[in-house]
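So the structure is just underneath, and the comments pick up after that.
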Amino acid sequence: FDQLDGYIWMNGEFVKWGDAKIHVLTHGLHYASAVFEGERAYGGEIFKLTEHTERLHESARILGFTIPYSVAEIEDASRELLKKQGFTDAYVRPIAWRGSDSMGVSAQANRINVAIAIWQWPSYFDPEQRLKGIRLDIAEYCRPDPRTAPSKSKAAGLYMICTLSKHAAEAKGYADAMMLDWRGQVAEATGANIFFVKEGKLLTPTPDCFLDGITRRTVIGLAKRRGIEVIERAIMPEELEGFEEAFLCGTAAEVTPVAEIGKYTFTPGQITKTLMDDYTAEVQPKRAAAE
Ligand code: PMP
């Protein structure tokens, strides 16, 4: 990935992709003092750019640091970089981290660095598998209690258990893992939120210890627009037995049908398909809709 072409925006400048380097004693690397975003551009526009950039600022605030560029400056840099990279449809990854000025757990004075990279990342899950519904394992690691980790921050450190869980699932032939939370309730996948369908209604866990994804909120809006009732509540894994459809959603995953979660099976059906299509239409720049 360090060999791709083009530019990376780093601390206010566009640097050649291969030159966007950091020192090995970076605090963010040793102690996970880093926050990031995942965004997608469609038709030359970054979907919900302001929401994502504001969340980046909020994630940093939760970790106790201030990003030295305003939301507007980061938005401008993201748009400019998208043009410079020459893409209309692409994935956008801003990241902010504590630098290498001092070493040790405490790093109050370390510089806060910011970078943005944009590359083409068409489908998060294998496209063929995706339409049939992907298979999920149930992860061994649980989403922590918000008193154990700053779960509202899209912080790099929270992804340690996600990578471990995804790797364990992949080793068993699954596409991803569904994580429970510390209470044993259904939480989310390793990089996407989860929804279920039961008797024509949409069910999704209350996001009290994991990200309330921007895609999650978009899908809830789309469902309501269709007159589909949306219920946010605690969901126990045993309930999966009685659910008809399941899907994941996130910026990278978009809306991805799920066919299996551990011993439970689902058939991607009308509600999942409708929301997949509505999401595909929703992400297109609004000017295209007016044409
Ligand atoms: N949960 C996790 C753990 C994620 O990494 C993501 C992707 N950012 C999401 C949920 C979905 O968030 P969003 O829809 O804002 O991309």
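The values are calculated or read from the model by the stated rules, or taken from the named source; none is laboratory data. Here the structure is a predicted model, which is why all the values come from computation and not from measurement. Every residue, glycine among them, receives a Cβ derived from its backbone with ideal geometry; neighbour counts consider all protein chains shown.
Among the residues of the range 58-78 satisfying the criterion of being surrounded by 19 or more Cβ atoms within 10 Å (Cβ to Cβ) and touching a helix residue (DSSP H, G or I) at 6+ places or on another chain (Cβ under 7 Å), which is nearest to Ala107 (Cα to Cα)?
The residue in question is Ile67.
Return yes or no: is Leu25 aliphatic (A, V, I, L, M) and surrounded by fewer than 13 Cβ atoms within 10 Å (Cβ to Cβ)?
yes
Collect the residues in the range 35-81 that are basic (Lys, Arg) and away from the ligand (no atom under 14 Å from the Cβ), keeping them in residue-number order.
Arg61, Arg79
Under 7 Å between Cβ atoms, which residue pairs at least 6 apart in sequence (or on different chains) link something in the range 137-155 that is free of Cβ contacts under 8 Å to residues at least 12 places away in the same chain with a partner that is surrounded by 16 or more Cβ atoms within 10 Å (Cβ to Cβ)?
Final answer for the pair search is Ala149/Leu158.
Under the condition of being within 11 Å of the ligand (Cβ to nearest atom) and either part of a loop (DSSP other than H, G, I, E, B) or among the aliphatic types (A, V, I, L, M) (or both), which residue from the range 157-176 is farthest from Val114 (Cα to Cα)?
Per the criteria, the residue is Ile161.
Just to confirm my filter: which strands (runs of 3 or more DSSP E) fall fully inside the range 186-291 and include at least 3 residues that are within 15 Å of the ligand (Cβ to nearest atom) and touching a strand residue (DSSP E or B) at 6+ places or on another chain (Cβ under 7 Å)?
Result: 186-189, 193-198, 245-250, 254-261.
From Gly184, Gly191, Gly213, which residue is modelled with pLDDT of 95 or more, among the small types (Gly, Ala, Ser) and more than 15 Å from Gly250 (Cα to Cα)?
Sole residue among the options that is modelled with pLDDT of 95 or more, among the small types (Gly, Ala, Ser) and more than 15 Å from Gly250 (Cα to Cα): Gly184.
Could you check how many residues of the range 1-60 are of a type in the set (S, T, N, Q) and touching a residue at least 60 places away in the same chain (Cβ under 8 Å)?
Within the range 1-60, residues that are of a type in the set (S, T, N, Q) and touching a residue at least 60 places away in the same chain (Cβ under 8 Å) number 4.
Can you list residue pairs whose Cβ atoms sit under 7 Å apart, with the first residue in the range 207-227 being within 15 Å of Arg55 (Cα to Cα) and hydroxyl-bearing (Ser, Thr, Tyr) and the second being within 9 Å of the ligand (Cβ to nearest atom) and in a loop (DSSP other than H, G, I, E, B)? Count only pairs 6 or more apart in sequence or on different chains.
Once the first residue is within 15 Å of Arg55 (Cα to Cα) and hydroxyl-bearing (Ser, Thr, Tyr) and sits in the range 207-227, its partners that are within 9 Å of the ligand (Cβ to nearest atom) and in a loop (DSSP other than H, G, I, E, B) give Thr215/Thr251.
Would you check if Tyr69 is in contact (Cβ under 8 Å) with a residue 60 or more places away in the chain and aromatic (Phe, Trp, Tyr)?
Judged against the criteria, Tyr69 is not a match.
Does Ala32 satisfy the criteria of being modelled with pLDDT of 95 or more, within 16 Å of the ligand (Cβ to nearest atom) and in contact with a Gly (Cβ under 6 Å, 6 or more places away or on another chain)?
yes
Can you tell me which residue among Met160, Met103 is at pLDDT below 95, surrounded by fewer than 20 Cβ atoms within 10 Å (Cβ to Cβ), closer than 25 Å to Gly28 by Cα and not basic (Lys, Arg)?
Of the residues listed, the single one that is at pLDDT below 95, surrounded by fewer than 20 Cβ atoms within 10 Å (Cβ to Cβ), closer than 25 Å to Gly28 by Cα and not basic (Lys, Arg) is Met103.
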